[in-house]
């Protein structure tokens with residue numbers, strides 16, 4: 001009997017688990033046995049269902065239910081079954097890929113290398129702000145705002161002036177906190193949350209392997225809902241992502257992201273416009289050396 005004709009026995013506890021967990025077991029086991037462990041080795045849903053039926057003919061899950069739960073599992077972060085997108089196949093994630101999807105913290109890196117990598121992403125996310133009608137944009141990452149304390153300097157700040165008949169009525173401050181990866185996000189996301197003291201729309205932004213977008217930790221969206229911040233993701237080819245997050249940060253090529261633009265960014269969660277505390281907004285503007293209306297109108301304008 002060939003490998004694909006091999007028939008296997010179901011584990012004793014199989015009948016006691018929920019239907020979705022049965023499908024998770026079947027798909028994970030079959031993909032692992034078939035060594036479908038990368039996007040290049042991925043197989044179609046039809047092939048996967050056929051293999052499940054060959055290996056476990058007595059699994060007891062009807063075909064329609066198999067299809068439905070395979071789709072659910074591929075878009076959930078709590079299992080290794082992945083299907084990167086439309087017209088893509090199914091495969092099982094390696095432990096390293098699973099960690100990348102869930103945002104498990106990697107080994108610590110040199111601070112200067114981390115900042116260098118992050119700055120490569122600034123132009124792309126700044127383009128995104130520009131496309132949203134924000135015409136005054138600056139890199140504010142290097143400022144050390146002692147007045148506002150810890151996490152008082154967003155990586156990118158954009159300002160919208162609201163006018164009526166040429167008279168200034170209000171301003172809207174947008175801030176971006178940018179990371180090269182989702183690693184340790186349950187800590188670093190609070191940098192973006194802290195900016196809400198003075199920012200009307202605060203965003204947490206990061207690059208991510210495009211094949212692993214469906215496996216991003218579901219909790220990320222819940223955090224965004226709770227704290228009213230936006231989430232922006234730049235999906236990257238696996239080889240580009242690895243270059244961006246390479247240990248040899250000092251050797252990274254500044255042209256590594258030349259093929260990417262704001263149109264590639266996914267607005268994973270939209271930022272709701274909030275009112276800021278005027279006290280903190282005034283202090284933030286002063287930290288940007290904006291003390292008058294004239295300075296405000298000149299600040300960050302693209303030349």
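Do the conditions hold for residue 231, that is, is it crowded, with 17+ Cβ neighbours inside 10 Å and either assigned to a loop (DSSP other than H, G, I, E, B) or free of Cβ contacts under 8 Å to residues at least 40 places away in the same chain (or both)? I'd like the intermediate steps shown before the answer.
Values: crowded, with 17+ Cβ neighbours inside 10 Å: yes; either assigned to a loop (DSSP other than H, G, I, E, B) or free of Cβ contacts under 8 Å to residues at least 40 places away in the same chain (or both): yes.
Here the answer is yes, as residue 231 does meet what is asked.
Among the residues of segment 239-269, write down those that are within 26 Å of residue 85 (Cβ to Cβ), at pLDDT below 85 and out of contact with any helix residue (DSSP H, G or I) (no Cβ under 8 Å at 6 or more places or on another chain).
Of all residues in segment 239-269, those within 26 Å of residue 85 (Cβ to Cβ) come to 239-246, 256-269.
Going one step further and asking which of them are at pLDDT below 85, we end up with 246, 256.
The answer is 246, and nothing else.
Can you tell me which residue within segment 61-90, out of those that are over 26 Å from the mean Cα position of the chain (by Cα) and touching a residue at least 12 places away in the same chain (Cβ under 8 Å), is surrounded by the fewest Cβ atoms within 10 Å (Cβ to Cβ)? Residue satisfying both the conditions and the ranking: 63.
Provide a single number: the residues in segment 273-285 that are in a loop (DSSP other than H, G, I, E, B) and under 12 Å from residue 172 (Cβ atoms). Spell out the reasoning first.
Taking segment 273-285 and keeping what is in a loop (DSSP other than H, G, I, E, B), we get 273-277.
Remaining after also requiring under 12 Å from residue 172 (Cβ atoms): 273-276.
Number of matching residues: 4.
Based on what the data block shows, is residue 278 within 18 Å of residue 124 (Cα to Cα) and either assigned by TED's automatic domain parsing to the domain that holds residue 215 or touching a strand residue (DSSP E or B) at 6+ places or on another chain (Cβ under 9 Å) (or both)? It is false that residue 278 is within 18 Å of residue 124 (Cα to Cα) and either assigned by TED's automatic domain parsing to the domain that holds residue 215 or touching a strand residue (DSSP E or B) at 6+ places or on another chain (Cβ under 9 Å) (or both).
Taking the stated definitions as given, is residue 199 surrounded by 13 or more Cβ atoms within 10 Å (Cβ to Cβ), in the same structural domain as residue 135 (by TED's automatic domain parsing) and touching a helix residue (DSSP H, G or I) at 6+ places or on another chain (Cβ under 9 Å)? Yes. When segment 172-191 is filtered for residues that are surrounded by 18 or more Cβ atoms within 10 Å (Cβ to Cβ) and over 13 Å from the mean Cα position of the chain (by Cα), the ones remaining, listed by number, are 173, 174, 175, 176, 191.
The values are calculated or read from the model by the stated rules, or taken from the named source; none is laboratory data. Note that the coordinates shown come from a computational prediction; the quantities given were computed from them, not determined experimentally. Positions of Cβ are generated from backbone atoms using ideal geometry, with glycine treated the same way; all protein chains shown enter the neighbour counts.
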